[in-house]
Structure formats: C-alpha cells, structure tokens
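Bear in mind these aren't lab numbers, they're just calculated from the coordinates by the rules spelled out. Keep in mind that this is a model prediction, so the values were computed, not measured. All Cβ positions, glycine included, derive from the backbone under ideal geometry; neighbour counts span all protein chains shown.
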Amino acid sequence: MIDLRTKAGGIELDTPLILASGILDENGYTMRRILEAGAAAVVTKSIGVDERNGYTSPVVFEGENYIINAMGLPNPGIEEYGGEIKIAEEAGKPVIGSIFAADAPTFLKLAGEMVDYGVSAIELNLSCPHVKGFGTEVGSDPTLVKDIVETLKASIDIPIWSKLSPNVTDIVEIGSAASESDALVLINTVRAMAIDINARMPVLTNVYGGLSGNAIKPVGLRLVYEIKKELDCNIIGVGGIGNASDAIEYIMAGASAVQIGTALWRKGRGIFDEINQGISGFMKDSGIGSIGEMIGVAVQ
Ligand SMILES: Cc1cc2nc3c(=O)[nH]c(=O)nc-3n(C[C@H](O)[C@H](O)[C@H](O)COP(=O)(O)O)c2cc1C
C-alpha cells in the first residue's frame with residue numbers, strides 16, 4: 001500500500017503536491033477546482049494591504065521551457081479577499097494565505113486577517129523579484145527577515161512559512177534568519193529579462209521579471225539541497241516541477257512537500273493527478289512505502 005501522505009510546514013497533507021502562489025489563485029473558484037483536481041493544498045496569490053492593479057502588458061514572456069513574468073503583485077487587497085478563501089475552503093483541504101509587506105507590523109496585520117479568514121498556514125512572500133520595496137528587497141536583508149519571522153511567530157498561532165529568493169548570495173544566511181519558521185519554501189522566481197530584437201527593446205514593460213518553469217529546476221534543487229545540508233528545518237520545494245521525477249528529486253534533496261506553478265499554467269489541472277500517480281508508481285517499483293522514506297535521502 002503506497003502512502004502519499006506527508007507532514008510539511010506544520011500541516012498534514014494527503015499528498016506532497018501544493019499549488020504555488022500566483023498561478024490561478026486570485027479566485028476562490030479556481031482554487032477550489034484545483035483542490036478537487038488533486039492538489040493537497042493551495043497557496044493563495046500574495047495579498048497586500050491595498051488593492052494593486054499590477055503592471056501594464058506585456059507582463060509575461062513565454063520561452064520553450066520557461067516563462068518570465070513581471071505581474072507587479074496584482075491583488076484585491078486583504079479586506080476584499082476573505083470571500084475567495086471561504087470558497088476555496090469548501091474543498092475541505094488546507095488553504096495557505098500568502099502575504100507581502102515591507103515591515104514586520106504590516107506582515108503581522110495581514111497575517112491576523114488571514115487567520116480570521118480561516119487559513120491553515122501563512123506563507124510570507126520574502127522573495128518577489130520585480131516589485132520595488134517588497135519581496136526580495138525585504139527578503140535579502142537577514143535582520144529584517146529575522147524581525148518579521150520572530151514577530152509573527154510570537155503572536156500568530158498557525159504555522160508560518162517563509163518563501164525565500166534564489167536572488168541572494170548566501171541562502172544559508174537568509175535561511176538561518178528565517179529558521180524559526182515552520183517551513184522554508186524554496187524558491188521564488190529567478191530575476192531575468194528578454195529582449196525583442198525587432199523592436200530593439202526589453203519585452204516586459206517592467207524590463208526585469210521572474211524566470212519560472214523547468215529551466216529553473218536545477219537552481220531550486222541546489223538551494224533546497226544546500227539548506228537541507230546546513231540547517232535543521234522543514235523545507236517545501238518549488239521551481240520547475242513538471243513531472244513525477246522532478247518532484248521526487250526535490251523530495252530526495254530534502255523537501256517534505258513541493259509546490260507546482262508554471263506547469264499548471266502550461267498543462268492544466270490534470271498535472272496534479274498525473275504527478276501523484278507517477279510518484280506512486282515510482283514508490284511501488286522501488287519498494288518505498290511512504291514519502292518520509294524519500295525525504296533528504298540524496299543529501300550527502
Ligand atoms: C505568473 C506568476 C505569478 C506569480 N506570483 C507569485 C506571487 O504572487 N507570490 C509568490 O510568492 N510567488 C509568485 N510566483 C512564483 C511561484 O509561486 C513559484 O515560486 C515560481 O514560479 C517557481 O515555480 P514554478 O517553476 O513551478 O512556476 C509567481 C509565478 C508566476 C509564474
């Protein structure tokens with residue numbers, strides 16, 4: 001009997017597959033459908049205090065095995081978002097509230113409202129690479145990261161996940177600063193750009209965006225592995241997962257669960273069942289009975 005259950009970031013999951021923040025998750029109905037299609041949990045779009053429209057188009061560039069996006073954190077603002085969470089929660093599975101802010105008091109306010117909306121955990125976006133004043137600008141300062149994580153851990157009673165950026169020199173330094181979190185989520189997108197050679201200008205209005213999709217899997221894996229080797233903490237892997245063996249690689253590098261973003265955008269909701277079945281098949285063929293038997297086994 002193959003057991004796909006896992007405990008990640010302080011919550012119990014039926015399978016290791018979670019929807020990553022920012023892909024089809026601004027809306028409660030799409031989140032509910034993704035949960036019904038086999039995701040064990042969803043992370044919401046990152047929500048801030050005020051409504052933001054994001055950048056003007058073009059905000060996405062599609063390459064062969066990657067996309068580059070600079071959405072600009074569009075979101076309805078925390079006051080308007082509770083209804084979407086309630087709809088997603090009808091699926092009876094964990095909904096994780098992703099939030100972004102520039103300082104600890106604002107993160108705390110947003111987290112408190114997410115708790116009131118009934119989420120199972122909070123994911124701190126400390127890593128968006130393309131919005132001034134937020135994301136990586138916050139998440140690359142270890143003192144600020146420590147302050148935010150410790151402030152939230154002191155007052156919020158549900159698990160706190162910290163989503164980290166690959167766009168830093170020393171991931172272990174930032175991971176240590178966030179080590180009181182119930183999970184470190186690695187990685188957000190890699191800062192990147194594309195140029196339109198006919199127009200002789202950058203493709204994205206914001207010039208810089210975040211690279212995601214299969215192209216970033218080796219980077220994400222390396223960062224998960226490095227953190228697992230150096231720190232004693234729970235890890236959730238994300239970045240370029242598009243099939244079962246990608247997910248298993250992350251688990252063997254140390255992740256207790258994984259998130260899927262761009263592959264859902266590209267392949268549709270069936271991706272969750274497809275990967276779950278692929279993981280089960282691999283475990284059956286290899287005589288592995290539980291996800292726990294695979295976590296971190298490749299770390300030397
Ligand atoms: C269109 C798009 C929007 C995203 N928005 C967010 C966001 O709001 N908050 C966040 O933490 N990450 C956001 N991400 C990053 C993803 O959650 C994920 O970390 C990244 O895309 C790598 O995973 P993937 O290769 O499976 O997409 C976004 C990614 C994409 C492609």
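What are the chymotrypsin sites (Phe, Trp or Tyr not before Pro) within region 192-263 that DSSP puts in a loop, where the Cβ has at most 16 other Cβ atoms within 10 Å? Before the final figure, lay out the partial values.
Values: sites: Tyr208, Tyr225, Tyr250; in loops: Tyr208.
Passing sites in region 192-263 are Tyr208.
Suppose the chain between Asp14 and Asp285 were pulled fully straight at 0.36 nm per residue; how much longer would it get relative to their current alpha carbon spacing? All intermediate terms of the calculation are to be shown ahead of the outcome.
Values: separation 271, 0.36 × 271 = 97.56 nm, distance 2.07 nm.
Taking Asp14 through Asp285 to full extension adds about 95.5 nm, to one decimal.
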- Query: More than 19 Å apart: what percent of Cα pairs in region 71-215 qualify?
  - Reply: 54
- Item | Coil-residue trypsin sites (Lys or Arg not before Pro) of region 121-169, DSSP, other Cβ within 10 Å capped at 10 | Lys132
- Can you tell me how much longer the chain between Glu51 and Met1 gets when fully stretched, taken as 0.36 nm per residue apart minus their C-alpha distance, in nm with one decimal? 13.3 nm
- Item | Inter-probe distance in nm under a simple model that places probes 7 Å from Cα toward Cβ, at Thr106 and Lys229 | 3.6
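How much net charge surrounds Gly112 when only the other residues with a Cβ under 14 Å from the Cβ of Gly112 are counted, with Lys and Arg +1 and Asp and Glu -1? Write down the numbers at each step before the final one.
On the way: positive: Lys109, Lys153; negative: Glu79, Glu113, Asp116, Asp157.
Residues near Gly112 contribute -2 overall.
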- Item | Of all DSSP beta bridges in region 6-293, antiparallel share, percent nearest 5 | 35
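In the P(r) worked out for the chain, what percent of Cα pairs fall beyond 32 Å? Mind showing how you got there, number by number?
Details: 8391 of 44850 pairs.
Roughly 19 percent, once rounded to a whole number.
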- Item | Sites Val172 and Ala199, calculated FRET efficiency, Cβ-Cβ separation with R0 41 Å, nearest 0.05 | 0.50
